[in-house]
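Structure record follows, encoded as structure tokens.
The values are calculated or read from the model by the stated rules, or taken from the named source; none is laboratory data. The shown structure was predicted, so the numbers you read here are calculated from the model rather than taken from an experiment. Virtual Cβ from ideal backbone geometry, glycine too; neighbours counted across all protein chains shown.
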Amino acid sequence: MARAADATRDATGTTTSSDRRAFAELLAAKEMIVVCGSGGTGKTTVAAALGAQAASVIGGRVLVLTVDPARRLADALGLGDTAVGNTPVRVAMGERCRGELWMAMLDTKAGWDELIRRHAPDDELRDKVLANPLYRNITGRFVNSHDYLAMEQLYDLHASGRYDLVIIDTPPSRNALDLLDAPGRMKEFFGSRLLRWLTVPYRSRLFTMASKPFYQVADRVLGSRFLQDIAEFFVLFQTMEAGFVARAKEVERLLTDDGTAFVIVSTLEAAPAREARFLAEALRQRQMPLGALVLNRVLPADVRQPAAAKAASRLRVVAGDRAVVDKLAKAAGVPAPGVQHVLGEVADRFSDTTVVAAREAERRRELQAVVPLVAVVPTMADDVHDLVGLLAIGRQVMGAGLR
């Protein structure tokens, strides 16, 4: 059956009904979908479309979480100026929707505060960390904090049991790998030489005496107690090592769990297609479950059909036939030279398009050899900017669900 579906897909260039059903079954069977891929491929739109269609035709409570600080996802879901942050908000889907669609956007500031409250061993230590003068500045730049917080929030939302399916829209491809590696980097940091160096002044009286002149110069250049504040913060932070490391291990287990699947989004342009292949191979190396590939903004396969090429060739002939051009110009009510120019341009541009379509077909075959399940979203006439457009993309990927 899979071979038949693949053969049909190669011939038509679209997603078959069996592929759509397989994609719907994937989303129905999983608890978490991680959507990743290059920037500019429509990844955020596809993540929103998967969430909208899953809520509509599969049912249950579906949450779409974006770690992209832009508001594109909120706008696409029709939330407009609605405040979207760590607390999920419900999207109005209409009466026909079988389930519920929710959305949340990572709030780095609120996320770090919550982490400190959770891992601090007592209220006194918690208050000291939150009151540290450099707390905000340090955590904003600390070990790719945006990536780590995304994984933390994803874990919390999954563990809450409030949602049947959580879909996360990750940063662009290589940054997405930063996100996937963030829990491991957090564990490594607590055993790093950097942390030991930062906390030596508080652990060694001899070092403090020897380095006092350096600190005095640094204070004059950087401001009073700058390095001391850094050292104090990391000493406090180090006392929370056990909680951070334990949670990082749990997050890593979640990313390789049977209930998780990764969906790569790509176009068939050369650079994004290479990134998609790179990402698929990177996921396999990390033993993270690769579920499917969504090829977005794909030219229709009809462009490559012999009949279409023949029609374009005939247009060139027609453009040189004065009688036919005059007849078309009269019917359209426009000057004949304009008609002749348009016919010639259309024929030439179509030839260029067939070349692009042939290259797309070759890249699609290469990617299909790497990823088990492929869905194709054709190029659309208009930009997708509302829920109707998102559901149209969702239907291209997963059809009407499991019915």
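Any residue that is assigned by TED's automatic domain parsing to the domain that holds PRO172, at pLDDT below 80, within 30 Å of ILE33 (Cβ to Cβ) and assigned to a helix (DSSP H, G or I) - is there at least one of those in region 131-143?
Looking for residues that are assigned by TED's automatic domain parsing to the domain that holds PRO172, at pLDDT below 80, within 30 Å of ILE33 (Cβ to Cβ) and assigned to a helix (DSSP H, G or I), one finds at least one in region 131-143, hence yes.
Can you name the residue in region 295-336 that is under 17 Å from ARG349 (Cβ atoms) and of a type in the set (Lys, Arg) and, of all such residues, is modelled with the lowest pLDDT?
By that ranking, first place goes to ARG304.
How do the helices (runs of 4 or more DSSP H) wholly within region 289-377 filter down when requiring 3 or more residues that are basic (Lys, Arg) and in the same structural domain as ARG253 (by TED's automatic domain parsing): which remain?
Filter on region 289-377 gives 336-368.
If you check every pair at least six apart or on different chains, which have Cβ atoms under 7 Å apart with a residue in region 262-286 that is outside the structural domain of PRO378 (by TED's automatic domain parsing) first and a residue that is part of a strand (DSSP E or B) and surrounded by 22 or more Cβ atoms within 10 Å (Cβ to Cβ) second?
From region 262-286, no pairs qualify.
Considering only region 101-115, state which residues are at pLDDT 85 or above and touching a helix residue (DSSP H, G or I) at 6+ places or on another chain (Cβ under 6 Å).
If the condition is that a residue be at pLDDT 85 or above and touching a helix residue (DSSP H, G or I) at 6+ places or on another chain (Cβ under 6 Å), then LEU101 is the only one that fits.
Among the residues that make up region 389-401, is at least one of them modelled with pLDDT under 90, touching a helix residue (DSSP H, G or I) at 6+ places or on another chain (Cβ under 6 Å) and surrounded by 16 or more Cβ atoms within 10 Å (Cβ to Cβ)?
yes
Does region 50-73 hold any residues that are of a type outside the set (Val, Ile, Thr), at pLDDT 70 or above and either under 19 Å from GLY291 (Cβ atoms) or out of contact with any Asp or Glu (no Cβ under 6 Å at 6 or more places or on another chain) (or both), and which are they?
LEU50, GLY51, ALA52, GLN53, ALA54, ALA55, SER56, GLY59, GLY60, LEU63, LEU65
Conditions: (1) among the small types (Gly, Ala, Ser); (2) buried (at least 16 other Cβ atoms within 10 Å of the Cβ); (3) within 30 Å of PRO289 (Cβ to Cβ). ALA369 meets all but one. Number of the miss?
Result: ALA369 passes all but (2).
Here is a check on your reading of the model: is VAL265 more than 19 Å from MET398 (Cα to Cα), touching a helix residue (DSSP H, G or I) at 6+ places or on another chain (Cβ under 6 Å) and not acidic (Asp, Glu)?
no
For region 258-282, give me each residue that is touching an Asp or Glu at 6+ places or on another chain (Cβ under 8 Å) and not basic (Lys, Arg).
GLY259, THR260, SER266, LEU268, ALA273
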